[in-house]
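What follows is one structure encoded as structure tokens, with my remarks underneath.
The values are calculated or read from the model by the stated rules, or taken from the named source; none is laboratory data. Since this is a predicted model, take the numbers as computed values, not measurements. Every residue, glycine as well, gets a Cβ built from its backbone with ideal geometry; the counts of neighbours run over all protein chains shown.
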Amino acid sequence: MEAPLICLRAAQFDDWPLLLDWFNQPDSLAAKLKTNGPIGVEAHKGWLRRFLSEDAGSIFIVTLNETPIGQIRFQPDAKGQFEIDVYVIPGRRGDGVAQEALRLGMARVSEKRGPATFLAQVKTENDASRRLFLRLGFQKAGSWDGYTNYRRDLDAQDLAERAGQA
């Protein structure tokens, strides 16, 4: 039996229905820091159009054996650090898909941008996300109002080691 093939592809504007559906899922909304409820079609389309045209961040569709099962977004903050947003459909959680997808995504961002800092803001009670980021080498970087920040710096040495493994 072959192992499932996890891949990332760059999101396109035509992915808006899929991204909007995942964003508005109750489990996704429950983890959001900056959004209080569902967003509408036109607001989402406008945001996605701007995000894709700015080329500052990256958004990937996670596929498993070519079937879309989630998304990962790396959005730069005012300091140029990449805030991570990840969503994997419920039936694919807990089996390493998110970990592999995040590993691949951080590598792609670092290849494109060079050394980078990645940030994850996780609800403090979200044990699964906490464990995910710790397994990927993130360090706790403070907490506030029910959220914990995790940070990972990929420097030139990390990139050189990754190139040596390719």
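Yes or no, residue by residue, for (1) touching a Leu at 6+ places or on another chain (Cβ under 9 Å); (2) buried (at least 20 other Cβ atoms within 10 Å of the Cβ); (3) of a type in the set (Lys, Arg):
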| site | (1), (2), (3) |
| --- | --- |
| VAL86 | yes, yes, no |
| ARG92 | yes, no, yes |
| ALA101 | yes, yes, no |
| PHE118 | yes, yes, no |
| VAL122 | yes, yes, no |
| PHE133 | yes, yes, no |
| LEU136 | yes, no, no |
| GLY142 | no, no, no |
| ASN149 | yes, no, no |
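Looking at the stretch 1-116, what helices (runs of 4 or more DSSP H) fall wholly within it and have at least 3 residues that are more than 26 Å from GLY137 (Cα to Cα), out of contact with any strand residue (DSSP E or B) (no Cβ under 9 Å at 6 or more places or on another chain) and not hydroxyl-bearing (Ser, Thr, Tyr)? Write out each step before concluding.
Numbers: elements: 16-23, 26-30, 41-54, 97-113.
Fully inside the stretch 1-116 and qualifying: 16-23, 41-54.
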Which members of the stretch 107-136 meet the condition of being within 12 Å of SER58 (Cβ to Cβ), at pLDDT below 95 and not β-branched (Val, Ile, Thr)?
-> ALA107, ARG108, SER110, GLU111, LYS112, ARG113, ALA116
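May I ask you to verify whether ASN24 is in contact with a Pro (Cβ under 8 Å, 6 or more places away or on another chain) and either of a type in the set (Lys, Arg) or in contact (Cβ under 8 Å) with a residue 40 or more places away in the chain (or both)?
It is false that ASN24 is in contact with a Pro (Cβ under 8 Å, 6 or more places away or on another chain) and either of a type in the set (Lys, Arg) or in contact (Cβ under 8 Å) with a residue 40 or more places away in the chain (or both).
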Can you confirm whether the stretch 44-54 contains a residue that is at pLDDT below 95, surrounded by 11 or more Cβ atoms within 10 Å (Cβ to Cβ) and among the polar types (S, T, N, Q)?
-> no
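Looking at ARG93, is it touching a residue at least 24 places away in the same chain (Cβ under 8 Å), in contact with a helix residue (DSSP H, G or I) (Cβ under 8 Å, 6 or more places away or on another chain) and among the charged types (D, E, K, R)?
Considered against the rule, which asks whether it is touching a residue at least 24 places away in the same chain (Cβ under 8 Å), in contact with a helix residue (DSSP H, G or I) (Cβ under 8 Å, 6 or more places away or on another chain) and among the charged types (D, E, K, R), ARG93 comes out as yes.
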Examine the stretch 86-104 for a residue that is more than 24 Å from PRO26 (Cα to Cα) and modelled with pLDDT of 95 or more, and state whether such a residue exists.
-> no
